[in-house]
Structure formats: C-alpha cells, structure tokens
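For reference, the structure is listed below as structure tokens.
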There are 4 protein chains.
Amino acid sequence: MSFNTFGHMFRVTTFGESHGVAIGCVVDGCPPRIPLTAEEIQVDLDRRRPGQSRFTTQRQEPDQVKILSGVMADPDTGAQVTTGTPIALLIENTDQRSKDYSEIKDKFRPGHADFTYEAKYGLRDYRGGGRSSARETATRVAAGAVARKILPDVKVRGALVQMGPHKIDRANWDWDEVARNPFFCPDKDKAAFFESYLDGIRKSGSSIGAVLEIVAEGVPAGLGAPLYGKLDADLAAAMMSINAVKGVEIGAGFGAAELTGEENADEMRSANDGTRFLSNNAGGILGGIATGQPIVLRFAVKPTSSILTPRQTVDRSGHETEILTKGRHDPCVGIRAVPVGEAMMACVLADHLLRHRGQVG
Amino acid sequence: MSFNTFGHMFRVTTFGESHGVAIGCVVDGCPPRIPLTAEEIQVDLDRRRPGQSRFTTQRQEPDQVKILSGVMADPDTGAQVTTGTPIALLIENTDQRSKDYSEIKDKFRPGHADFTYEAKYGLRDYRGGGRSSARETATRVAAGAVARKILPDVKVRGALVQMGPHKIDRANWDWDEVARNPFFCPDKDKAAFFESYLDGIRKSGSSIGAVLEIVAEGVPAGLGAPLYGKLDADLAAAMMSINAVKGVEIGAGFGAAELTGEENADEMRSANDGTRFLSNNAGGILGGIATGQPIVLRFAVKPTSSILTPRQTVDRSGHETEILTKGRHDPCVGIRAVPVGEAMMACVLADHLLRHRGQVG
Amino acid sequence: MSFNTFGHMFRVTTFGESHGVAIGCVVDGCPPRIPLTAEEIQVDLDRRRPGQSRFTTQRQEPDQVKILSGVMADPDTGAQVTTGTPIALLIENTDQRSKDYSEIKDKFRPGHADFTYEAKYGLRDYRGGGRSSARETATRVAAGAVARKILPDVKVRGALVQMGPHKIDRANWDWDEVARNPFFCPDKDKAAFFESYLDGIRKSGSSIGAVLEIVAEGVPAGLGAPLYGKLDADLAAAMMSINAVKGVEIGAGFGAAELTGEENADEMRSANDGTRFLSNNAGGILGGIATGQPIVLRFAVKPTSSILTPRQTVDRSGHETEILTKGRHDPCVGIRAVPVGEAMMACVLADHLLRHRGQVG
Amino acid sequence: MSFNTFGHMFRVTTFGESHGVAIGCVVDGCPPRIPLTAEEIQVDLDRRRPGQSRFTTQRQEPDQVKILSGVMADPDTGAQVTTGTPIALLIENTDQRSKDYSEIKDKFRPGHADFTYEAKYGLRDYRGGGRSSARETATRVAAGAVARKILPDVKVRGALVQMGPHKIDRANWDWDEVARNPFFCPDKDKAAFFESYLDGIRKSGSSIGAVLEIVAEGVPAGLGAPLYGKLDADLAAAMMSINAVKGVEIGAGFGAAELTGEENADEMRSANDGTRFLSNNAGGILGGIATGQPIVLRFAVKPTSSILTPRQTVDRSGHETEILTKGRHDPCVGIRAVPVGEAMMACVLADHLLRHRGQVG
C-alpha cells in the first residue's frame, strides 16, 4: 500500500516518475474564489528548477506547469480564480536522456531506494530512480505555491544553515541574501566559502550533506491540534517524506535534551505580539498547537548517493559487484530541498488552517 | 479538528484526560485469532507505570487495563484470541487528587500546552494538564502491546542514550542492563552516574531533557511505502506526537549532514542476513522502505516544564504574573518515554505490515 | 480490514459486542464549548431502548450512558461543556443472559452474519451475534445525540412509513403521533392497524420488514460536497451500514426512474425560504449539495432473521442441519431503526457542517 | 471540503471539468506486476463513449486515454506492467464547443447542480456543468478498468432493467444481448420496444429515468468488513456518488420490507459452490461481508434535467425567469451509467480485496 496523498482537508496527490511522460499532482480541498495563475506557481518552481548553477544537477527541465482543472474566470471580476474543485497540475518531462541504463538496471545503487523498491514490488523503474527520484519534489513545490495562496498572512521561508560540518554564523543571518547565492544561504560570508568548498566536492565526484531551516511567520496562535494530528507531528512527517531527509527538529530540537526546565520553558509577558514569549525554544508549537511565535524547524539531508567512486554492491540476482554512478547529479542534494521544505511547510499549514476553521469555526 | 486516531490499517483511537474518570483506546484492524490477554498488555504498562522510583512522578496509579471488547475464547483451543473486531482498552484513573487547582486554573504554565489549548478551544481542562498530560501515553503503551502481538518476529526495544549533556558510552551498550536501572539506560556505568546526577536535579526542583533510542530488529525488507506513507515519515510523526518530543532522527540522522557520499551510502554484500549491508547509516530505511537491517531512530525529549522555580507568565486575562508548579512531577520526563517510543514503533510497524500485505500480497 | 470509524471531521469510532462487558464509542472532532450532559444523550437512547413494548426484544437493558472524557465545567459559566477533545461514551451490558449457546455456536443462522464472519475471520462471537448484533446501534444513537448539539438549527426526525406491504397514508402524517405509538408511525390509523398486524406476526414466531423515512429540516443550502463526499453518498453509506438495511433512496428515489424530465426537475421561484422550490423530488440534494429544502430519505429494513420456524442450514463443519432461533427478538427489527437512522443522519450532517466550514469558511 | 478521492487501499482521485483542458484520475495503491495497457482501459471507455447512438449525447469525444505514470516494461517479460506507484490517466477534452453560454451562465437550471454549487462556492463553472457534468464519469470507467485487472476471477457486468415505468422481463435475461443494443438491455424484446419508446421521448425534447442492475460473480466469501466499511455501505456510497442517482438497493432491496423472516433469510446447504444458498435475497452480502453468491445491486437514475420545455427558475441575482436547455443531451442519462456502475463496483471490490488481504492475510 503506497500513499501518494498527503494532507486531510488540503490534500495533495502526486504522480509521475523521473523519466516518464510527465509528473504532476492534484490539489483537492482548496477553497473557492482564490486568485491563482500558472505564472504564480511557476515562480516557486523556478526557484527549485535544476540546471541553474553548477552546484545542482545539469538536467535541463523548463518545468513549465499547466493547470488542467479547478480554475476559471471569476464571473464578477474576470480574474482567474479557484472553483473549489480539484486543481490538477501537470509538468511534462522533456530531458529524459535516452541513455544506456544497463549499468543500473540490474545493480542496486548503495544509498538509493533501488534495493528496497525491488524488495517491495519485485521490480523497480530504474530510469533515473523512477518514482524515488528527487524530480517528484517539483510537484510538491507546485502544490505548495497553491497552499501559500490560502495563507496570505503567513510568510514561509527557508535557508541552508549547514553544509557538511560547516554551519552558518547566525549573527550574519540576512534573509535577502538567500536569493543572491546558489545555496539559499542567509550568511553572505559562508555562501562565499561554500562556493569553493562545494566546487572541491563536485570536482572530486563526491557529495556532501546539509541542514536546512524553514521558518513560518504569522501563523495564528491556536492552529494545530492534539494528539496525533499535532502540527509538529505533521511537519515532521512532511519533512521526513522528502528524499534523503534523515532528521527533523522543532525549536530547540535535539538541543532541548541538554536544557534544564528553567532554560527551556519560554516565559510569557502580556504583549499580544512577537514579544509575548521571552524566548522560542518551543519553535512556535506547544502541545501540537501554534503559539503565534515563528514556527522554526530544521531538517538534515544526507549526501547525494550517486558519486563517482566505485562502491561495492550486489545485482538483482544477489551476486556481488561494483557500481559507479555516472550522470547528472547534485553534489549537495540538500540545496534544492529549501523550496521543497518551504512547500511542505505551506501545505501542512494550509491543511491545518482548514481543519481548525472546520472544528473551531 | 483534533485527531485522536493514528494508523491506517492498524488504527488506534485514544481518549481521556489526566484527571477524568478513565483513559483508554480502541484498537481497530487487529487481525483475528491472535492470542491476547490483559496480562500481556499489563506487562508493558507496568514498565511505564509512574511511582516506581523517586525519579518519576509520585502519582500512584495501578494502571490496570481491562479489555472491553474484541476478544473471545477460541472455540477450538479455548485460548483468548482477537476476533478481528475493535479492541477497547480501559484504564481507570484512581489517583486524581482533589487538590486545589486555583494556582494553575487561570495561569498559563510556561512550556506547557495551557496557552495553546486556550487559544484554540477557548477553554482547557486545567486539572493535571487534561488531555495534554503525559498520562495519555499509557493508552499508547497498551495499544503497542497489541501491536507487538502482530509482529512476533520483530523485536522492538528502547533505551535512554543521553540525559542533559551526558551521553552513554556505546561501547558499554548492554540491552540486559536496561531493565536493571530506573533510567532504561543500557550503559551500567552511566546509569550509576545518572542516579546521583538526577537526584541533584530533582532536589533542586529542576528538570532535564533526554535523548532516547528505539531499535526494531527483524523487520522484513520491503516493509514501508513511498511517498507520503514512508516508514520513516510515519515514525517521525509517531515520535513527534509524544509529549515533549522536539526532534527525531533515523540512522545517521543529523550526523548525515556532515558525511560525504562515500561515507554515508551503505555498501552491500551478497549475504541475505544482517551482514548484507556493510553499515547502517540509513537506519534500516531507504526511500521509505525497510532494508531488512535494524531500524534505528532517536528522539529528543525536552525537560519537564513543571519546576519549582517561579517563572514569569500571564493569566487568562492577559495580566502578567508568576507561576511555580508544585505537585507530582518527573525530573526527567524523557525516562518514561522509552516504553512509549517502543509502543509507537510497534504500532507503526504493525500498520505497515498490514498495508504491505494488502498491496503486495 | 474492518472499519469501525465513520465520518471525517466529526468522527465516531464504536466498539463492543452484544454480550461483552460493554459497548461504547469515541466521538472525535466535536467543537469545544458545546453544552453536553449524559442526560441529554440518555433521552435519545431511551427512545431506542429495548423492552419498552411487546413489539421489540425483551432484553432488559437500562442503556445508561456514561461520559468518560471530553467534557468539563465551563470555567466561566459552570455548565458542563465539550472541550474539543474526544468524548468517550460507555454503555455497560447488564442483561447478557448466561444462556446455552450450543444451538447457535456451531450452526450458521440463515440471514445472519454468522457464515460471513466465520468466512472472514475464521471464528465469530456467537453470543447474541457479537459485533453484528443490533445492540451496537445504541452507540450510534449516543453519538447522534452529540451530533444534534452541533446542529441546533437542524431538526432531524424519523418515522416508520411501511411495515410489510402496508404503507401509511401520507395524508395522515402527524409528527406528534410518532411518539405516541410503539412503531414510530406518523399515521394514527395505521399505527392502530400495526398493533394487531404485528401481534399476529409476533405470536406466529415470524417477522416482517419495514421502510423508514428520515427527514432533516433546516439544513443550509450549500452543505455537502462533490464528488465522492456527496451528502447523499455519505447518507447512503450511513444508512446501509445499519443492520438489516437493504436499500436507500433520496427524494423521489426509485420513483424517479418513472418520471420525465419535466416531472422530476424541481422548478425554482425567488423566495429565499421553503417555497423557493416548487417541489422536492431532489430530496433536498442536488449534485451532492444541500438545496436548503428538507432532506428526505427512506431506507428498507429486512425482516428479523431470527424466527421460530426451523430453517435449513449447515454447521461449521459444513454438515447440513436445521436451526430454530429461540431467544429475545424483535418481530420487526425495523421499528427501532428509526432513532438509529436519525442518529446517522445527524452524524453525517454534523460532519458535513464541519467540513463545509473548513473549506468554504 | 470537497472529496475527489474514493477508496482506501485502492484509491482513485479524479479531476477535471466538462469543458476544461482535460479530465483524468490518479489510481493509487494498485499492486505491482499487473499487466496493464492503455488499450485495455480503452475497451471500457469505448463502451461509455458518447455519440455512439442517437440515444446518447451527440458530443463527439474520442475519449482516448493516456497512461502518464505507474507502468513500465517488466524487466523479465517485457510486457507493460504496473509498478506499484500511482497510475495517472489522462483524457483530453476535444469537443468543447465554443458555444454561447449566456443563457445558462446566470440562470440556475432546475434539476442541475447549478444552484447548489453557487450556494456552496459562490461561483460555478457553468460551461457544460463543469465538475458536476456526467463527463467526469469517464475517469471512473478508466479507473474501473484498472480495478478489473486486480480481480481476474471476478466478473462484473451491468444492465438496464427499467426505463420509465417499463421493466424488462427477467425470464428473457440474456447477458449477450446487452452488447447488441444501445440500451445495455438484457431483454431483446424490451430493447426493441425501448428503441421506439425513447425515440418518442427524444423527439419531444423530454427525458426519462431508468433503473440499472450491476452483478459481480466470483467474489470470494469473506470479502467485506463490518461495520462502517461494509461492502454494501461502500457500494451504496459508490453508486450514489454517480450523477443523477437517487436510490440504491442490494438483493431483495426495498422488496425485503414486504417479506417475512421465513421468505427472506436465504437457507444454506452443504455445497461449497453456487448452490450453497437456496436463494439470494441477501444480494450476496450478510453483515457487510460477501457470502460468495453473486453480488446484486440496482440503482435508480433520474431523468436528464436538460429538456426542451421551458421551466421556471431564478437567476444568480434571485430574479424569477424561465430557462430552456438546448444543446447536446441524453434523453435517458441512465443508459451510459451502466459501464459507470460496473466501474464503481469493480473499484469497491478491488479496494476490499486489498483491505481483506491486509487484515486477514
């Protein structure tokens, strides 16, 4: 039983393989009369699009999104708006190189999902990783762009805060810097460093992991829900569902293990604004429900498993062999996960907004 | 919209507040003809039960579970077995002290869900935290005991691996040690240290965080599913839904961010056993599907928010005040989260087993 | 995979067998701050309670409901209100006679679910039908009483409109009459007739089918949803899930097959009230969405399968035999389905109200 | 909250409007390694395709289906098979005439979903009925064709058994006849009659209702589930979700209301085949679970609401007016619902097969 739908009231169902005809998604539950154009969705897709720097895969995909359903010209205003019916979004695959797959067709690439898909299904789409390819995340970004339209007062932004062992200097954090370098890095100095650092990794045919941070500002206090639909539980699942993610933390996260109760619990003051809490170790969530503070989460992305160094593995028949993954790959797959993480955050928040409105009115 | 059900085919719905009549759960989807007695469930409940050492809450609850439905004597064997219908489990609350709640009735305790429940619902059950109390986790442990019966070949165990800044020495890991100390600590030396360390924290009225590790051995390769029902995504949500958890990681987890592709991707050999992979940075999951290796996850628990030091806060009317939380509390709430984490792991695996069997046959 | 939960945002999970310790349900998703007492729920339960006339089962069950969770005294008003957390309702079984079950333990009663439960699960709870007993419907009535509290402006009422081949005279319809006879019959004359008619059937140890009608007034136009969550689709499933129901129709129902387009389509006028439509063949639903007219549905209940005439059947080993079902049974099980049908209607409407509010605001 | 997904383990999400770019669906949960080609799906689509006789809409749509994902050449056999990942199916709209919509843009067509969509969403796609058009059912037929592949031993067939007041003669039932007339009618004589009967209705610009019967043979005993996932409850919802359906009944259906217990309960004999039961008033389902007999259901379809006679209605502003619906319409929309009913039956059975396999093994 695979599950290609996420969300409860704002529901996204995705489909498609890396080297198939097309990828896409169906966004169901979007409220009516919300202005929405393909161009707006395209803005987010372009941020994730491959081939924009030497630090991401050289696959050339325009990633042009088409809206197949769920919108029409508002009879009163003429603007294109949602109708409340499912919004189908389609992105055609155009750069599926007719390469020779014989190397990976019968061998399991270490760190990839080759072995496990085969163990589960008895076969796997070996062309570019099939369904397990990071290409699927383009559809998440498209869905996230729709989710953002439901959250006009919420600002969801992401950044790369660590590459390999190198963490950014938080004192240098500048959101404007994120769009100015190919790493989504908010620390200008560290971005300059990453340029040479990742060049070295790229040239050696290696790869490296990363940690990303996603922040949502403007989330109203009260959003979220106990107990198994906690906002942080849904966010953890959403981030962990992204390719190559191995850890998620909220607020103080793993650091909370080292804190005392006095240090950790965020004290409160009477201001009904950003200064209501004297700190934000909670990361904006208590008991699964938003406090009104910024929601802050981080997730860790493992290094790209496709590298130029030969690795030991087995083939489909169980015989031992070696494999060396050539082709177009990201030296740090974590980089492009920034817009994906933002999209997942937006989708979870949109879902919770509709759920909250339904139960609490 | 609250969500008090988790799982898809093995579904658990929990109910109850800390100081209400009773807590309980309904386990739906359990296969028929599985031997199940209240005594078996009680074993797991007793491991989590409060009041067993000076390091956990002094609340005295026998936590006796009753099976209200879903079992009968097998007409052929006479043994009590499941019938395939919902299994309702009930645990009565017996030690709800008729204490004076005036201190917390109108004030928001920092670090607790008081403010957020009030923000969401317009009121909250202030008696012992109501629904947000860790007491609810007893019902998870009961459900987990049922889940274990569906997984006879899977061994799910947990341990405390860090308290405050103090990590165990993994070279000392001894699973047998876990049951011999009040900390579920697998490192005998560190357990001795924790005794005095936590005594100090307890006596000062403070509290401390912890990191726990849950390991599942014997999970067959192929269990799990892409893409939004990934085994690791479901595990992340399950752990994050436990009270006070702020982070979850699988395998190398956040450490994966510092690894290169060569270091991270687990190479394979032909053995069809525990030596098939040369390492387990994946933590037993690739592409959301089990590799057959042990599934290894860790989660961070923040320090108990109820402490004896007065803290700044506001009351329901928004006026600034101070609060000091007296009463029966755990100096390290993370300790008793070990059987809870095991239970959640067992529930997620049981759910995936049924889902897998359904789709793949 | 059994499914003992219904509804999406107003979700009810039921449990329990006819002759077990207790039956009950967990109502999840109920909005907060709604006044709710056990006494209010009891009113509906008492309407369904067995043993109130010679025309229903003689089982003596007080059917006293207890609220185990999800309510508290409102800190402002003192009235008992919902908190937004799951409401667990428990009804103990008190009249499980320790009768001899040897007759039905190994034989399949025709028309009952004995054979099919055994075919599915490999065993069945033969004591009073176990989970397949109509006793389970008490928990639906309890949940429906909660649902009604969410729908203060909606009036949901039901009536028996046919018993055997005898239909009521709709010109005699008087809602007040329903509570005055043991058949929930709105036609005073027909009720008098049913008294002698059903006495004859009861004395001969036979049984008879019935048709019930449930009407909901005050449902706002716009409630409901395309396409697989249509209000009528959800209602059809809800009614068909009640024991012994074999058919469901909305508005003109099967009669619509005989109508022309001119006769069927309800014309509209400008009044924004009950006279907006000139007829109600739609039964208050078009395209799965409420028109604002009364929602009118009927469902057919087959005759009780337990009768005093010996019937041919087989035993668990497949050998041919006869069976004669003694014990406490309803000569017309359809009668007590009236409050059950009302409850299911209320639950579906409550669910749709929350869903509508969530998506459309 | 709209719901455009149906099924639990075999899940179908549909999208698209009558006059949009395309309609389609995503089939999620289909087991792997099942041979599947677009040609196989096309066979079912062609049975439903419009414009094949003068008795259905003259809209010309080739309804060519494309498989966008979820299949690949089996590495061992070369045959195209499913991979276990979502199967996206796309059907482009080609005959959306650029007609003048001014007549229906601002007026509510009686019997259509115009008023209710507007009441719910504040706007509606007036072009050909938008999402509420019967055109959407093409995607259900496509999904049903996939479902059939999961059920190789089950035969699902449908037929028209009543048009207007005219019922077929069941003694004349011949399944082979169904494909030989444009009415899916199994009674050759009645089909001849319908030809002239419906011609009269068509020429007068009127329309008429119908009753259809769907039969599934080969469904194994044990499939299905109590209590809210009953096979008959799911089937009732599935059929009621089809456009214009106003009633559903299983087995004896509404006729069961007139039966006594002796007449209704199907007696059993020892044969483990089609003669195990001496009758089939249950329609193949007891307690929500299949008996192994043919599953037999009927559903009623109201007459097409678009007719050539002017009808009273109101416009969007609430002003009274008249409307006359010109354009391409079916005089008996029930006819083409036969393959749709079959498809829904197949989808529900496929879903239950996977669920059953999951829980019971």
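What to note about this one:
- Of everything listed in (1) over 17 Å from the mean Cα position of the chain (by Cα); (2) polar (S, T, N, Q); (3) at pLDDT below 95, the single unmet condition for C:T304 is (1).
- Among all positions in segment C:163-171, there is at least one residue which is away from chain D (no Cβ under 11 Å), without any contact (Cβ under 8 Å) to a residue 60 or more places away in the chain, more than 30 Å from B:G78 (Cα to Cα) and in contact with a Leu (Cβ under 8 Å, 6 or more places away or on another chain).
- On inspection, C:T325 passes the criterion of being out of contact with any Asp or Glu (no Cβ under 6 Å at 6 or more places or on another chain), more than 7 Å from chain D (Cβ to nearest Cβ) and surrounded by fewer than 24 Cβ atoms within 10 Å (Cβ to Cβ).
- Checked against the criterion of being of a type in the set (D, E, K, R), closer than 30 Å to D:G292 by Cα and free of Cβ contacts under 8 Å to residues at least 40 places away in the same chain, the candidates C:K120, C:K203, C:K188 yield just one match: C:K120.
- Selected residue [within 22 Å of A:V245 (Cβ to Cβ) and either in contact with a Pro (Cβ under 6 Å, 6 or more places away or on another chain) or β-branched (V, I, T) (or both)] from A:T85, A:T139: A:T139
- For segment B:129-151, taking the residues that are part of a helix (DSSP H, G or I) and among the polar types (S, T, N, Q), the one that is modelled with the lowest pLDDT is identified as B:S132.
- When segment B:1-48 is filtered for residues that are in contact with a Lys or Arg (Cβ under 9 Å, 6 or more places away or on another chain), free of Cβ contacts under 8 Å to residues at least 40 places away in the same chain and more than 7 Å from every other protein chain (Cβ to nearest Cβ), only B:A38 remains.
- Within segment D:53-128, strands (runs of 3 or more DSSP E) holding 3 or more residues that are crowded, with 23+ Cβ neighbours inside 10 Å and of a type in the set (K, R): none
- Given (1) among the aromatic types (F, W, Y); (2) within 21 Å of the chain's Cα centre (by Cα); (3) assigned to a helix (DSSP H, G or I), number of the condition A:F193 does not satisfy: (2)
- Only listed residue being crowded, with 22+ Cβ neighbours inside 10 Å, facing another protein chain (nearest Cβ under 7 Å) and in contact (Cβ under 8 Å) with a residue 40 or more places away in the chain, chosen from D:I295, D:I335, D:I307, D:I242: D:I307
- Residue ranges of strands (runs of 3 or more DSSP E) in segment A:246-327 with at least 3 members in contact with a helix residue (DSSP H, G or I) (Cβ under 7 Å, 6 or more places away or on another chain): A:295-301
- Filter result (closer than 10 Å to A:A145 by Cα and of a type in the set (D, E)) within segment A:38-63: A:E40, A:D44
- Every residue from segment D:205-235 that is more than 7 Å from chain C (Cβ to nearest Cβ), in contact with a Pro (Cβ under 9 Å, 6 or more places away or on another chain), in a loop (DSSP other than H, G, I, E, B) and not aliphatic (A, V, I, L, M): D:G205, D:G218
- Looking only at residues in segment B:270-284 that are at pLDDT 95 or above and at the interface with chain A (Cβ under 8 Å from one of its Cβ atoms), the one that is nearest to A:E320 (Cα to Cα) is B:L278.
- For segment A:189-203, the condition holds for no residue, the condition being that it is under 24 Å from A:G284 (Cα atoms) and either at pLDDT below 95 or of a type outside the set (D, E, K, R) (or both).
- Scanning segment D:9-26 for residues that are in contact with a strand residue (DSSP E or B) (Cβ under 8 Å, 6 or more places away or on another chain) and surrounded by fewer than 24 Cβ atoms within 10 Å (Cβ to Cβ) turns up D:V21, D:A22.
- In segment C:83-97, the residues that are under 13 Å from C:G128 (Cβ atoms) reach residues that are among the β-branched types (V, I, T) and modelled with pLDDT of 95 or more with C-beta atoms within less than 7 angstrom, at least six apart or across chains, in these pairs: C:N93/C:I23.
- Matching entry among C:R54, C:R47 (being modelled with pLDDT under 95, closer than 20 Å to C:P152 by Cα and basic (K, R)): C:R47
- The set of residues from segment D:245-269 being under 24 Å from the mean Cα position of the chain (by Cα) and either within 24 Å of C:L227 (Cα to Cα) or facing another protein chain (nearest Cβ under 7 Å) (or both) comprises D:V245, D:K246, D:G247, D:V248, D:E249, D:I250, D:G251, D:A252, D:G253, D:F254.
- Of all residues assigned to segment D:352-360, none qualifies as being among the aliphatic types (A, V, I, L, M) and within 17 Å of D:V245 (Cα to Cα).
- Within segment D:79-93, one or more residues are under 15 Å from D:G24 (Cβ atoms), out of contact with any Asp or Glu (no Cβ under 7 Å at 6 or more places or on another chain) and β-branched (V, I, T).
- The number of residues in segment B:59-99 that are more than 10 Å from chain C (Cβ to nearest Cβ) and among the hydrophobic types (A, V, I, L, M, F, W, C) comes to 3.
- Residue identified as more than 12 Å from every other protein chain (Cβ to nearest Cβ) and in contact with a Phe, Trp or Tyr (Cβ under 7 Å, 6 or more places away or on another chain) among C:A142, C:A147, C:A138: C:A147
- Of the listed requirements (1) over 18 Å from D:T14 (Cβ atoms); (2) facing another protein chain (nearest Cβ under 8 Å); (3) in contact (Cβ under 8 Å) with a residue 40 or more places away in the chain; (4) not acidic (D, E), D:S53 misses just one: (2).
- Considering residues of segment A:1-26 that are in a loop (DSSP other than H, G, I, E, B) and among the hydrophobic types (A, V, I, L, M, F, W, C) only, the residue farthest from D:G361 (Cα to Cα): A:V21
The values are calculated or read from the model by the stated rules, or taken from the named source; none is laboratory data. Predicted, not measured: the structure shown is a model, and the values here were computed from it. As a convention, Cβ positions derive from the backbone with ideal geometry for all residues, glycine included, and neighbour counts pool all protein chains shown.
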